[in-house]
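*Asks:* Got a structure for you, written out below as structure tokens; questions coming shortly.
The values are calculated or read from the model by the stated rules, or taken from the named source; none is laboratory data. This is a predicted model, so every value here is computed, not measured. Methodologically, a virtual Cβ is constructed for each residue, glycine included, from the backbone with ideal geometry; neighbour enumeration extends over all protein chains shown. Just the protein is used for accessible areas: all its heavy atoms, side chains included, with ligands, DNA and RNA removed. Shrake-Rupley method; radii C 1.70, N 1.55, O 1.52, S 1.80 Å.
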Amino acid sequence: SRRRHTRSRALEHCRPEQGMEVDDVFADEMINGSNKQFLSWLELLAKYITDNKINDISWNSQFGIKKIKSTSEEMFPLMHITGAEPTIGVDHFDDRVLAHMNKHYGFEDIIWYLDNFMKNPVNIWPFMLVCSYPTETAENFDVFIERLSTMEKYKKVIGCIDLGNLCTIPVGSVLESSLPGLEMGKTRLDWYWPGNPDLTQDEKIRRRKI
């Protein structure tokens, strides 16, 4: 697109002086919108870097996991060449929890991405997860912990795993409306859902301390 050509050409005018850094901010729709356009932008940036023999460019953005069938493997070597350092929030490892979150990917897709980031070294910082989601049962949590342990395999590309705080539920949010009978306390952290009675406040804290 014209915008992607413009942003890539703009790099020619923002090369830092020795010892200085230049930050560029990319809109979310540029990175997580159309796969075809994102691939086109990566190709433009990779060409600029290769043609100019540059080895000190990197970029960071929130980066969304998608289904394997909707992702081109061409993307991964281009992300490596262009110095991608994505922030990735996969949220959970249990497909049932991910389905309630309305995520359009599953654990199989997460692993496929990580395998490709290992083949084409791309550093992830941070790798974000959510613990004690309202529908997370003890069984879901066991799956979460089991699969979390397998992330050791990817420590060369996962710079940091971030569990964040306890899951919050903003008043009036889509999440709140999806949980019939939800009881809210004084804060977004203080909630109880009868549909998952074992997930008390104490249990949420215990799980977060893993």
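*Asks:* Before I look further, what does segment 42-163 give for accessible area per residue, probe 1.4 Å, in whole square angstrom?
*Replies:* Here the residues of segment 42-163 average 49 Å² of exposed surface.
*Asks:* Hey, what angle do you get for helix 138-149 against the long axis of the chain, alpha-carbon based, 0 to 90 degrees rounded to 10?
*Replies:* 30 degrees
*Asks:* Does anyone have the angle between helix 107-119 and the longest principal axis of the chain? Alpha-carbon axes, 0 to 90°, nearest 10?
*Replies:* For helix 107-119, the angle is close to 30 degrees.
*Asks:* With labels modelled as points extended 7 Å from the Cα through the Cβ direction, what inter-label distance (nm, one decimal) is found for ALA99 paired with GLU183?
*Replies:* 2.8 nm
*Asks:* Could you go through segment 80-97 in sequence order and give the Karplus-derived ³J(HN,Hα) for each residue, using 6.51 cos²θ - 1.76 cosθ + 1.60 with θ = phi - 60°, rounded to whole Hz, and x for Gly and Pro?
*Replies:* Listing the rounded values in order: 5, 4, 7, x, 5, 9, x, 9, 10, x, 7, 6, 7, 10, 9, 4, 5, 5 Hz.
*Asks:* What residues qualify as long-range amide H neighbours of ILE158, i.e. H under 5 Å apart, gap of 5 or more or another chain, H built at 1.01 Å from N?
*Replies:* The answer is ILE124.
*Asks:* Students often get this wrong, so try it: which of (i) 32; (ii) 37; (iii) 40 is percent of Cα pairs over 31 Å apart as calculated from the structure shown?
*Replies:* Evaluating percent of Cα pairs over 31 Å apart on these atoms matches (i).
*Asks:* Over the chain, what is the relative contact order in percent, taking alpha-carbon pairs closer than 8 angstrom and at least six residues apart?
*Replies:* Taking the mean separation of contacting Cα pairs over the length of the chain, I get 15 percent.
*Asks:* I would also like to ask the following. 222 nm [θ] for the chain, helices only, -39500 (n - 2.57) per DSSP H run of 4+, per residue, to 500?
*Replies:* -11000 deg cm²/dmol
*Asks:* Need one number: nm distance between label points at GLU176 and ARG206, each 7 Å from Cα along Cα→Cβ, rounded to one decimal.
*Replies:* 2.9 nm
*Asks:* Could you give the nm distance between label points at ASP51 and LYS67, where each point is 7 Å from its Cα heading toward the beta carbon?
*Replies:* For ASP51 paired with LYS67, the spin-label model returns 3.7 nm.
*Asks:* Tell me, what % of the accessible area of segment 37-98 is carbon and sulfur with a 1.4 angstrom probe?
*Replies:* Whole-percent figure for carbon plus sulfur exposure: 48.
*Asks:* In a Gaussian network model over the chain where Cα atoms closer than 10 Å are linked, find which of ARG96, ARG188, ARG147 has the largest mean-square fluctuation.
*Replies:* Comparing ARG96, ARG188, ARG147 in the GNM, the peak value goes to ARG188.
*Asks:* Take the eigenvalues of the Cα gyration tensor for segment 67-177, scale each by 5, and report the square roots as semi-axes in whole Å, largest first.
*Replies:* Semi-axis lengths for segment 67-177 are 26, 15, 14 Å.
*Asks:* So in the chain, what percent of DSSP beta bridges are antiparallel if you round to the nearest 5?
*Replies:* DSSP beta bridges in the chain are roughly 20 percent antiparallel.
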